[in-house]
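Undergrad: Quick one: this structure, given as structure tokens, is what I'll be asking you about.
The values are calculated or read from the model by the stated rules, or taken from the named source; none is laboratory data. Here the structure is a predicted model, which is why all the values come from computation and not from measurement. When we count neighbours, we look across all protein chains shown, and the Cβ atoms used for this are built from the backbone with ideal geometry, even at glycine. What goes into the accessible areas is simple: the full protein's heavy atoms, side chains included, and nothing from ligands, DNA or RNA. Shrake-Rupley method; radii C 1.70, N 1.55, O 1.52, S 1.80 Å.
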Amino acid sequence: MNSLPEIESTYRSQLQETQQRIASAKQQIYRIALLRISVFAGGVVATVYAWPLGAVVVVPVMLLFLVAFLYLVKVHNRCFYKKDYLEKKAEVNAQELQALGYDFSAFNAGEEFIDPAHSYSYDLDLFGNSSLFQSLNRTVIRRGELTLAEWMKHPLLKKEAIINRQEAVQELTANRVFRQKFRVLGLLYKGKLADEDEIRQWAQSPSRYYQKRVPKLLSVLIPVANAITLSLLLLDVIPASLFVLQVVIFALASTIYSRNITKIQSVYGAKMQILNTYSKLIELIENQSFRTANLGQLQLRFKQGNHSACLAVHKLSKLLNGLDQRNNILVAFVLNGLMFWELRQMMRIEAWKEAHASQLPDWLDALGEMDAYCSLATFAYNHPDYVYPRVAVDTFCMKATAMGHPLMRRDKCVRNDVCITAQPAFLVVTGANMAGKSTYLRTVGVNYLMACAGFPVWADEMEVYPAQLATSLRTTDSLNENESYFFAELKRLKSIIDRRVAGDEVFIILDEILKGTNSIDKQKGSLALIKQFMTLQVNGIIATHDLQLGTLADVYPGQIKNYCFEADITHNELTFSYQIREGVAQNMNACFLMKKMGIAIA
């Protein structure tokens, strides 16, 4: 396993090497550009000198220089693609260096996934700026982003599924070259991630021409008619003007279909260019050798019998690129006149859709899964000190040593333990303001979620029993629904109880519940709520300022345990260790801080 300094060194050396190759590629582009100009000028000069010698010499000379020029154009385009690829590769390595320094601004934060009604994602800051999702996200296609978000919002509940995902992430973690090439190829697409949705719509739309009798008939009769007329022309049976007139008539007749084809092309044409990217990504996956179950099954989704998804998608991409030739009016006019070319090309595209459209959504889903796996593997690679938790199956367990929050800096984070091994069982965490209670709850919640989703976690070791996570840490008023903070919190707590009554295994994390009522009601309600949770065989953690809740450990010995975060006052200064301790908190700091700020306390 590489150490963090080695990982940083790898990214840095990759960046420097790629920058050197970019400079070399730019020089090559410049040289080929000069060569193209030279070939073009040479062709003109050679043609002028050969002109007096007649067509027998002029035509071969012109063809020779034309072929050379077109070859250089092709080479030039390849050089530009190579430069674009290298620039993206340099960008990717620079982004990872920034990410090692906790700067995730280069990655999408997933703000669209923020949902205050979700059972834990809003409380744990899973989405949004500086969120867990942003730190994980290296996706390059829309489906990958959605898949990663879904994995975070709906973790796994079966041991086998968790272990299979862990193994897949571990395999890709060791394959940095594959992951980086996947990301670079994906980033080369210059459109929008939302273009994928347009492709799905196109795949589900009905065909206009492929199954229609008249278009099928015309696509055969027009070329046949032109072939017959051309044969008669070559036999001197008819004049050339008649053949030209027929081609012009057919070209004008083809405009009957041009309007609809133009409409389809304008809606989907540019967006379909993403298929070039998809074909390269699928080819990369198809040519890889995977050993883990999840990645092997994912790869098989692109291979059905002798059919390759890569070749199929590449064929569609070529058909769509071919349709773009109609943008050249002269070429389109001639081709339509000769063989109703636009209609024939559209029918070929629709024939592809008839054959493969039903598979296309699954290919996109599989690509999205690989995209999400590559994101997680890059995250794991960047955090070599993270571990993959053991998964318990018999009874509830949430046990970890030296657990830290993945968004806190390595050099500043105070790591703590957690141990819940009975059912039902609760940890009651008391402590002063700013002592670390809320951070601890979020640390437990985030690591538990990551463990159940099959991600690596920040701990020396960890063992979990997969259950549905539910939190109440940051309930908000709902102005739209005209409900108070207190009522919103009650709804959240009621939903947790309902899930347990329905038979779901639930792990709950609560922070200072019933804040929206007076202290007597709050204390009485909190005691009653925890007793109900114990009756329902629920496991969880609650942080509170109410020291009275510490007495529950006497009522439920061995099942409810007291822990605290203390505020220490030394030489009239307030200090925090942020280290969890056993017992009920002894020191509170509100009055001390008020006095320090000059607020009179009676």
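Undergrad: If DNA, RNA and ligands are ignored and the probe is 1.4 Å, what is the ranking of Phe486, Phe104 by accessible area, most exposed first?
TA: Phe486, Phe104
Undergrad: Additional query: Run lengths n ≥ 4 of DSSP H only: what is the helix-derived mean residue ellipticity at 222 nm for the chain, with -39500 (n - 2.57) per run over all residues, to the nearest 500?
TA: Using -39500 (n - 2.57) per qualifying helix, the result is -19000 deg cm²/dmol.
Undergrad: So, one more: Once you have a ≥ b ≥ c as the square roots of the Cα gyration tensor eigenvalues for the chain, tell me rounded if a/c is under 1.5, and otherwise prolate or oblate according to whether a/b is larger than b/c.
TA: Taking the square roots of the gyration eigenvalues as a ≥ b ≥ c, the chain is prolate.
Undergrad: What percent of all Cα-Cα pairs in the stretch 351-448 falls in each 10 Å bin, counting up from 0?
TA: With 10 Å bins starting at 0, P(r) equals 11, 30, 24, 17, 10, 6, 1.
Undergrad: Let me ask something additional. To the nearest 10 square angstrom, what accessible area does Val67 show with a 1.4 Å probe?
TA: Solvent-accessible area, nearest 10 Å²: 100 Å².
Undergrad: So who's got an amide H within less than 5 Å of the one on Met462, skipping anything under 5 residues away but keeping other chains? H placed 1.01 Å off N, in plane.
TA: Residues meeting the criterion, in which the H sits 1.01 Å from N, are Arg390.
Undergrad: What accessible area per residue, rounded to a whole number of Å², is obtained for the stretch 26-154 using a probe radius of 1.4 Å?
TA: 52 Å²
Undergrad: Evaluate 2.2 N^0.38 Å with N set to the residue count of the stretch 25-159, then give the Cα radius of gyration divided by it.
TA: Normalised Cα radius of gyration, the stretch 25-159: 1.94.
Undergrad: Right, something else. Obtain the nm distance between the two label points defined at Glu505 and Tyr556 by a simple spin-label model: each point lies 7 Å from its Cα along the Cα-to-C-beta direction.
TA: Here the modelled spin labels are 1.8 nm apart.
Undergrad: Right, next: Roll a 1.4 Å probe over the protein heavy atoms and report the accessible area of Met408 in Å², nearest 10.
TA: Spelled out: Met408, probe radius 1.4 Å, area about 70 Å².
Undergrad: Report the Cα centroid-to-centroid distance between the stretch 520-537 and the stretch 72-133 in angstrom, as an integer.
TA: Here the answer is 44 Å between Cα centres.
Undergrad: I'd like to know how the stretch 1-99 sits against the 2.2 N^0.38 Å rule of thumb: what's its Cα Rg over that expected value?
TA: Here the Cα radius of gyration is 1.74 times the empirical estimate.
Undergrad: What part of the accessible area of the chain, given as a whole %, is carbon or sulfur when the probe is 1.4 angstrom?
TA: The value for the chain is 57 percent carbon and sulfur by accessible area.
Undergrad: Another question, then. Given the chain, what percent of its DSSP beta bridges are antiparallel, to the nearest 5?
TA: Counting only bridges with both partners in the chain, antiparallel ones make up about 45 percent.
Undergrad: D for the stretch 75-222, whole µm²/s, Stokes-Einstein with Kirkwood Rh over alpha-carbon pairs at 4 °C and 1.567 mPa s: what number?
TA: For the chosen part, D equals 68 µm²/s.
Undergrad: Another question about this same structure. Accessible surface of Trp202 in the full protein assembly, 1.4 angstrom probe, to the nearest 10 Å²?
TA: In the full protein context, Trp202 sits at about 10 Å².
Undergrad: What distance in nm lies between label points placed 7 Å from Cα along the C-beta direction at Met62 and Asp84?
TA: Here the answer is 3.3 nm between the modelled labels.
Undergrad: From Cα pairs below 8 angstrom and at least 6 apart in sequence, can you work out the relative contact order of the stretch 30-122, rounded to a whole percent?
TA: Once divided by the residue count of the stretch 30-122, the mean separation gives 21 percent.
Undergrad: Summing +1 for each Lys or Arg and -1 for each Asp or Glu, what net charge is found among the other residues whose Cβ lies under 9 Å from the Cβ of Pro466?
TA: Local charge sum for Pro466: +1.
Undergrad: Hey, rough spin-label estimate for Asn433 and Asp197, points 7 angstrom out along Cα→Cβ, what's it come to in nanometres?
TA: Between Asn433 and Asp197, the label points sit 4.4 nm apart.
Undergrad: Apply the Kirkwood formula to the stretch 160-240: the hydrodynamic radius equals the inverse of the mean of 1/r over all pairs of different alpha-carbon atoms; give it in Å with one decimal.
TA: Kirkwood hydrodynamic radius for the stretch 160-240: 19.1 Å.
Undergrad: Could you work out Rg/(2.2 N^0.38 Å) for the stretch 117-156, with Rg from alpha carbons only?
TA: Normalised by 2.2 N^0.38 Å, the Cα Rg of the stretch 117-156 equals 1.13.
Undergrad: Setting aside same-chain residues fewer than 8 positions from Lys89, which aspartates and glutamates have a Cα under 12 Å from its Cα?
TA: Within the straight-line limit of under 12 Å, Lys89 reaches these aspartates and glutamates: Glu17.
Undergrad: Any lysines with Cα under 28 Å of the Lys399 Cα? List them, leaving off those in the same chain fewer than 8 positions away.
TA: Lys153, Lys158, Lys159, Lys412, Lys437, Lys494, Lys531, Lys561
Undergrad: In straight Cα distance, which lysines are under 25 Å from Lys263, not counting same-chain residues fewer than 8 positions off?
TA: Candidates past the 8-residue exclusion: Lys190, Lys192, Lys212, Lys216, Lys271, Lys315, Lys318, Lys353.
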